[in-house]
Amino acid sequence: MNLKKWFFLFWSSMAVGAVVCVLTGAVMQWIDPEFGFLGFKSVGFNAMMMAMVGLMIGAFSQMGFFAYLTLNYIALSVFGKKYLWNALQGYTTVFAAAGLGYILYEKNLNGWFFWVLPVALLLVSALVTRMKVAQTNKSALVPTMFLMVVVTFIEAWPAIKGDTNLSAIIFMIIPLFVCNAYQIMMMHRLVKKETTDPAAVAAKPVV
């Protein structure tokens, strides 16, 4: 991964975040005219603001993505055995999904969202993981699921735990998920061959 490829991943992730935020916001405004910064009548302003928010979400997503690559590199050195680290990631993935449901249940948003969101997150994460494994190898299975579930959950924490409503959670978690999916699916295309460079080694399990 050279600087040119890293920069491409950075700005393209921000662009993806902006597009997804605008599309998500447009659908949510169509469903709920009260959703938005100044209401349904200020469509142009809302679209601009949502695009700006999406740019920040894309940058935030990439911070989380490369933080995971760093964690992955350190954990492989600490555990020594790859299967131990994978086992911990698998356990954490299940725990994070259950924790997400519990937190939403405590917030009493409605009677179904607390279980629909974790299940939906697991299902779409499994779909992304299947695509990743098909394009790379089976060693990408656990790390990709961990990234798509746990890292997305951590990145969306301000909306999940804060004094927010259902719309705010959806508006934040969808762009984060798509940005993470975009980055994990782009990684093996940008890193075409293994080297002894620490950054490439850190990316190996998910490439």
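The values are calculated or read from the model by the stated rules, or taken from the named source; none is laboratory data. Being a predicted model, the structure only gives us computed values, none of them experimental. When we count neighbours, we look across all protein chains shown, and the Cβ atoms used for this are built from the backbone with ideal geometry, even at glycine.
A few notes on this one:
- Screening TRP112 on (1) under 12 Å from PHE65 (Cα atoms); (2) more than 17 Å from the chain's Cα centre (by Cα); (3) hydrophobic (A, V, I, L, M, F, W, C) shows it passes everything except condition (1).
- Considering residues of segment 153-186 that are over 17 Å from PRO118 (Cα atoms) and of a type in the set (A, V, I, L, M) only, the residue farthest from the chain's Cα centre (by Cα): MET186
- Test: residue in segment 68-86 that is β-branched (Val, Ile, Thr), crowded, with 20+ Cβ neighbours inside 10 Å and either at pLDDT below 90 or within 23 Å of MET148 (Cα to Cα) (or both): no
- Meets criteria (over 15 Å from ALA159 (Cα atoms) and loosely packed, with under 14 Cβ neighbours inside 10 Å) for ALA126: no
- Cβ-Cβ distances below 6 Å connect the following pairs, each with a first residue in segment 114-138 that is assigned to a helix (DSSP H, G or I), a second residue that is among the small types (Gly, Ala, Ser) and surrounded by 13 or more Cβ atoms within 10 Å (Cβ to Cβ), and a separation of six or more residues or different chains: PHE114/GLY101; TRP115/GLY101; PRO118/ALA97; PRO118/GLY101; LEU122/ALA97; VAL128/ALA181; LYS132/ALA140; VAL133/ALA140.
- Of the set (1) of a type outside the set (Gly, Ala, Ser); (2) closer than 14 Å to ALA181 by Cα; (3) touching a Leu at 6+ places or on another chain (Cβ under 8 Å), all apply to VAL151 but (3).
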